[in-house]
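Worksheet: the structure to be examined is printed underneath.
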Amino acid sequence: MTLTDTKPQSIGATRKPTIFVDGASGTTGLGIQERLRQLSDVTLKSIAEDKRKDAGAKRALMEEVDLVILCLPDEAAKETVALIDGMGAKGPKVLDASTAFRVASDWTYGFAELTPDQADKIRNARKVSNPGCYPTGAVALLRPLVDAGLVPADYPVTINAVSGYSGGGKSMIESFEGGTAPSFELYGLGFEHKHLPETQLYACLTRRPIFVPSVGNYRQGMLVSVPLHLDALPAKPGAAQLHAALAKRYAGSKYVSVMPLENAATKGGRIEPEALNETNKLELYVFASEKHRQAVLVARLDNLGKGASGAAVQNMRLMLGLSEQ
């Protein structure tokens, strides 16, 4: 259902836009609320704890706000979106942080740097799906190379990643902080990780990639890596070509930085995952050996920042016509 927009696309200085975060008890919801409280140009609305499951009370609040940010399980998110759709012109814009709508054709994907016009699509959208943390890194690395013809759409891509345990939900957080979890583990080895569909779709891959996620015994921070045999690629690119395609895509970006090749070379063959914690930044690296004709592309981000709450606030500002921060 397409809603008729009777609320302003851009909120003027006379009135601060209002926002309701539905489901603010998880790490993403708490992170979004904390970031919103630090902003002076928006007003955060809340609902009484005993009214959170009251559909009537929730509907009344949503009729009053400009934007609802959903931090709910998939099924609960679908129920709330159905409620918003039923509100017609009174319904707010909606930004969903679950996986429920990330590959839905009538939703706009909330990775603003995906393509040159993606930020404008988000500005004009009523429904935006906030990206997953792993896909943010993987898509950022792969999409420009596929678009440039350096990586074929049907290339057998492998994506490896490690995240802090905060991305694994309440039970994982409790197991690590309670000392019962291992120091490190691979997971998602059933080849059905929930982030695979969006990664494949927005990286424009026609062949399903192999994705091997892992979790380490630290709270937050993420590395996503893609190994490449350069001579197995039709164009047989060098490191400079890969780097140039990435640099061209993200030139002028506020949050995504393509790190210089010489910077990558001087890191001693090592990179750690926590350097961007508490930021909305995403760093992209090309590590390569011309001698061996091999490369590893690496994305570094905060899984709770650009991988979740930070991206949500960035999308919120776009959807409400607010300036970039």
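The values are calculated or read from the model by the stated rules, or taken from the named source; none is laboratory data. Since this is a predicted model, take the numbers as computed values, not measurements. Methodologically, a virtual Cβ is constructed for each residue, glycine included, from the backbone with ideal geometry; neighbour enumeration extends over all protein chains shown. Surface accessibility is based on the protein's heavy atoms, side chains included, excluding ligands, DNA and RNA. Shrake-Rupley method; radii C 1.70, N 1.55, O 1.52, S 1.80 Å.
Values computed for the structure shown
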item	result
Additional length obtainable on full extension of the chain from Asp120 to Arg52, 0.36 nm per residue less Cα span	21.2 nm
For region 16-172: Kirkwood Rh in Å [reciprocal of mean 1/r, alpha carbons]	17.2 Å
Proximal aspartates and glutamates to Lys236, defined as alpha-carbon separation beneath 15 angstrom and excluding residues fewer than eight positions away on the same chain	Glu290
Translational diffusion of region 40-84, µm² s⁻¹ [Kirkwood Rh, Cα pairs; Stokes-Einstein; 20 °C; 1.002 mPa s]	187 µm²/s
Principal axis dimensions, region 67-146 - Cα atoms, whole angstrom, descending	41, 25, 18
Residue among Lys51, Lys78, Lys170 with the largest mean-square fluctuation in a Gaussian network model of the chain, springs linking Cα atoms under 10 Å	Lys51
Heavy-atom surface of the chain, accessible at 1.4 Å and reported per residue (Å²)	45 Å²
J(HN,Hα) series, region 90-97, from Karplus relation 6.51 cos²θ - 1.76 cosθ + 1.60, nearest Hz, glycine and proline x	7, x, x, 5, 9, 10, 10, 9
Arg270, Arg37, Arg300, reordered so the largest accessible area comes first (probe 1.4 Å)	Arg270, Arg37, Arg300
Estimated 222 nm signal from helices in the chain, with DSSP H stretches of n ≥ 4 weighted -39500 (n - 2.57), rounded to 500	-8500 deg cm²/dmol
Carbon + sulfur, % of accessible area of the chain - ligands and nucleic acids excluded, 1.4 Å	52 percent
Total charge dipole magnitude, region 101-142, about the Cα centre, Cβ charges on Lys, Arg, Asp, Glu only, Debye to nearest 20	160 debye
Stretch gain in nm, segment Asp74-Lys291, where the contour uses 0.36 nm per residue and the Cα spacing is subtracted	73.4 nm
Region 161-200: Cα Rg divided by the 2.2 N^0.38 Å rule of thumb	1.31
Nearest-ten-degree value, helix 74-85 long axis tilted from longest Cα axis of the chain	50 degrees
From phi via Karplus (6.51, -1.76, 1.60), per-residue ³J(HN,Hα) for region 20-32 in Hz, x at Gly/Pro	10, 9, 9, x, 9, 9, x, 4, 5, x, 5, x, 5
Centre separation in Å (Cα based) which lies between region 115-168 and region 232-303	15 Å
Principal-axis tilt of helix 310-319 within the chain, Cα atoms, nearest 10 degrees	60 degrees
Value in Å of the Kirkwood radius, where the chain supplies the Cα pairs that are averaged	20.5 Å
Mean shadow area of region 220-278 over all directions, Cα convex hull, nm²	5.1 nm²
Distance in nm between pseudo-label sites at Leu39 and Leu189 (7 Å out along the Cβ direction from Cα)	4.2 nm
Region 180-196 - phi-based ³J(HN,Hα) in whole Hz, Karplus 6.51/-1.76/1.60, Gly and Pro as x	9, 8, x, 5, 7, 7, 7, 8, x, 7, x, 6, 10, 4, 5, 8, 5
Accessible area of Thr115 in the full protein assembly, 1.4 Å probe (Å², nearest 10)	20 Å²
Where the Cα pairs of region 212-325 fall when distances are cut into 10 Å bins, in %	13, 39, 32, 14, 2
Which of Lys93, Lys254 is most accessible, then next, and so on - probe 1.4 Å	Lys254, Lys93
Size of charge dipole - the chain - debye, nearest 20, with Cβ of Lys, Arg +1 and Asp, Glu -1, no other charges	480 debye
Tilt relative to the chain, helix 55-64 - C-alpha long axis, 0 to 90 degrees, to 10	80 degrees
Listed residues Ala299, Ala77, Ala48, most fluctuating in the chain (Gaussian network, C-alpha, under 10 Å)	Ala48
In region 185-231, the chymotrypsin sites (Phe, Trp or Tyr not before Pro) that fall in loop regions by DSSP, at most 14 other Cβ within 10 Å	Tyr187, Phe191
